[in-house]
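Since the structure comes first, as structure tokens, the remarks are kept for the end.
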Amino acid sequence: MTTLKQVAEHAGVSFKTVSRVLNGDPNVSPDTRAKVQDSIKALDYRPNMAARSMRTGKSQIIGFITDEVATGPFAGNIIKGAQHEAWQHEKLLFVVNTESDPKIEQKAIAMMLERRVEGILYGTWYHREATPPAMLSEIPTVLVDCFVSDQSLPSVVPDEVRGGREATTALLEKGHRRIGFLNDGNPVPASKGRLMGYQQALANFGVVYDEALVVLGSGNASSGYDCALNLLQREDRPTAIFCFNDRMAMGAYDAIRKLGLRIPKDIAVIGFDNLEIIAAQLHPTLSSMQLPHYEMGQWAVRYLIDCADETGNLQPIQHYIECPLIERQSTG
């Protein structure tokens, strides 16, 4: 490998001058800088990042510990967003998918600390409360799509309440006043927040909340089918349905067809998640609230890099990102 000494000899300058050019010293003259850069290119010199890390304490690497984000079907865009933002700052993203194995998680974090990563993103494949390992207190950490109960670590999550409110508002603005909600029966932030948003939207339009229009399922297509049948076989059936996610909406589509009803003429439907493999492929195509996975990954890296104080500490901000409506044919 080409050494700094060889670059200096080729450029006809001192070793220290080459080092100053590599470190971006503004006091190097433009002619000297150009001469050194030409030699670096001619000799195909590559900096020894391990040695530089030892000198500066910065490895140019950000760690990303996930449970199943890397292999799950829904949240992979978190990694894409984080990787894109890291690259903008000329840093690499080191991703470890632990498959929720505590031993792998502990070992991965220990290895990242040994390699002097500049910070760690700790992400989950769905929005939930998490219990990260205590060793993360040794390094700047941002939680992605999760949070800790005492809010002692910065986190970025979807704005579930706003998402539920805007989904329901989209139906209300089209004239619907009896709107069913097929919700997930698990007490997770998404089911709680989207229900709260649904209730807020109704109140904003002066529509009385009717608990009978909220049916609980298990978040999959089969339960969406059963829940939709439950609502639509009533005499006072709703004219629109807001579904907890796109999989439940897919089941609702089957129930609506079984009853001989049409989407959106008889029943309007809106989903959540905006899974392209579902929402854009159904007939008619499904309007859906998009989870901001890509944006969460971007924000986490940006906050990690830009907002640490001189000691590397981060303020424990709890940041919420909007879930935009992707409007298609199912809402008319």
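The values are calculated or read from the model by the stated rules, or taken from the named source; none is laboratory data. All values derive from a computational prediction rather than experimental measurement. Cβ placement follows ideal geometry from the backbone for every residue including glycine, while neighbour counts extend to all protein chains displayed. Surface areas here come from the heavy atoms of the whole protein model, side chains and all, with no ligands, DNA or RNA. Shrake-Rupley method; radii C 1.70, N 1.55, O 1.52, S 1.80 Å.
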Taking Val301 as the residue in question, decide whether it is touching a residue at least 60 places away in the same chain (Cβ under 8 Å), among the β-branched types (Val, Ile, Thr) and part of a helix (DSSP H, G or I).
yes
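Within segment 67-74, can one find any residue that is within 24 Å of Ser152 (Cβ to Cβ) and either open to solvent by 50 Å² or more (accessible area, probe 1.4 Å) or modelled with pLDDT of 90 or more (or both)?
Scanning segment 67-74 turns up no residue that is within 24 Å of Ser152 (Cβ to Cβ) and either open to solvent by 50 Å² or more (accessible area, probe 1.4 Å) or modelled with pLDDT of 90 or more (or both).
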Matching residues in segment 281-332 (under 19 Å from Gly81 (Cβ atoms), open to solvent by 20 Å² or more (accessible area, probe 1.4 Å) and hydroxyl-bearing (Ser, Thr, Tyr)) number 2
Quick check on this structure: which one of Glu68, Glu114, Glu138, Glu118 is closer than 22 Å to His293 by Cα and of a type outside the set (A, V, I, L, M)?
Glu68
Residue identified as out of contact with any Lys or Arg (no Cβ under 8 Å at 6 or more places or on another chain) and more than 27 Å from Asp145 (Cα to Cα) among Asp254, Asp236:
Asp254
Inspect all residues belonging to segment 234-248 and state whether any of them is part of a helix (DSSP H, G or I), in contact with a strand residue (DSSP E or B) (Cβ under 9 Å, 6 or more places away or on another chain) and more than 18 Å from Arg328 (Cβ to Cβ).
no
Selection from segment 129-165 of residues that are part of a helix (DSSP H, G or I) and touching a Pro at 6+ places or on another chain (Cβ under 8 Å)
Glu160
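Which one of Gln83, Gln88 is modelled with pLDDT of 80 or more, open to solvent by 50 Å² or more (accessible area, probe 1.4 Å) and closer than 23 Å to Ala108 by Cα?
On the way: Gln88 fails: closer than 23 Å to Ala108 by Cα.
Checking each option against the conditions leaves just Gln83.
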Being surrounded by fewer than 22 Cβ atoms within 10 Å (Cβ to Cβ), at pLDDT 95 or above and either part of a helix (DSSP H, G or I) or out of contact with any strand residue (DSSP E or B) (no Cβ under 9 Å at 6 or more places or on another chain) (or both): is that true of Asp254 here?
yes
For residues in segment 108-154 being farther than 21 Å from Asp184 by Cβ and among the polar types (S, T, N, Q), which is least open to solvent (accessible area, probe 1.4 Å)?
Thr141
Close pairs (9 angstrom Cβ cut-off, 6 or more residues apart or separate chains): over 16 Å from Phe205 (Cα atoms) in segment 163-190, among the acidic types (Asp, Glu) anywhere:
Gly163/Glu322; Val188/Glu129; Pro189/Glu129; Pro189/Glu160; Ala190/Glu160; Ala190/Asp184
Does segment 223-244 include one or more residues that are closer than 14 Å to Thr168 by Cβ and open to solvent by 10 Å² or more (accessible area, probe 1.4 Å)?
yes
Per-region count, segment 304-327, residues acidic (Asp, Glu) and without any contact (Cβ under 8 Å) to a residue 40 or more places away in the chain:
3
Just to be sure before I move on: is Ile62 closer than 30 Å to His127 by Cβ and either at pLDDT 90 or above or buried (at least 16 other Cβ atoms within 10 Å of the Cβ) (or both) in the structure I sent?
yes
